[in-house]
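Here the structure is laid out as structure tokens; the discussion comes afterwards.
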Amino acid sequence: MLLLKSRPQHSVFRILVLCFILMFSIIPIASAAAPDPVTNLHITSTNPVTLEWTNPTTDYDYVRVIKLNRTNLVEVFKKQLTKGTTVLWDNTTVSSNKQYWYIFQTVKNGVYSEQVKEIVN
């Protein structure tokens, strides 16, 4: 205690070093695991575009869908679908001379699953 009172600037430095050592040596750094992706993604109709899929049995927060114009990779829209949703109806315009990518990912605590894609001509 006498040492801390006589040299306060050194004690602050020691405390910071000790905190740094404890933070990186004792507590393991763990990254969050990605949620399982949707499965069985398929097109059931092309006018309007309707897609169906099976949600994972493991926990997730929502399903993110991105529609890209495959010709120039421009994002047409992005949607967050509530947990449990298994059908997407896309009423936006689909040009017959373009291809579109529908990209599906499940999300859990900000971590995205691998992408599952379907192409619509």
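Each reported figure results from applying straightforward, stated rules to the coordinates on display, with no laboratory input. Since we're looking at a predicted model, the values are computed, not measured. All Cβ positions, even for glycine, are placed from backbone atoms using ideal geometry, and neighbour counts span all protein chains on display.
Numbers for the structure displayed
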quantity	calculated
Test: residue in the range 92-104 that is touching an Asp or Glu at 6+ places or on another chain (Cβ under 6 Å), buried (at least 16 other Cβ atoms within 10 Å of the Cβ) and not hydrophobic (A, V, I, L, M, F, W, C)	yes
Answer residue from the range 68-103, given it is of a type in the set (A, V, I, L, M) and not in a loop (DSSP other than H, G, I, E, B) and is farthest from His42 (Cα to Cα) among those	Val74
Residue count for the range 67-78, restricted to those that are surrounded by 11 or more Cβ atoms within 10 Å (Cβ to Cβ) and over 13 Å from Thr92 (Cα atoms)	2
In the range 30-57, residue surrounded by the fewest Cβ atoms within 10 Å (Cβ to Cβ) [restricted to those that are under 17 Å from the mean Cα position of the chain (by Cα) and under 18 Å from Gln80 (Cα atoms)]	Thr39
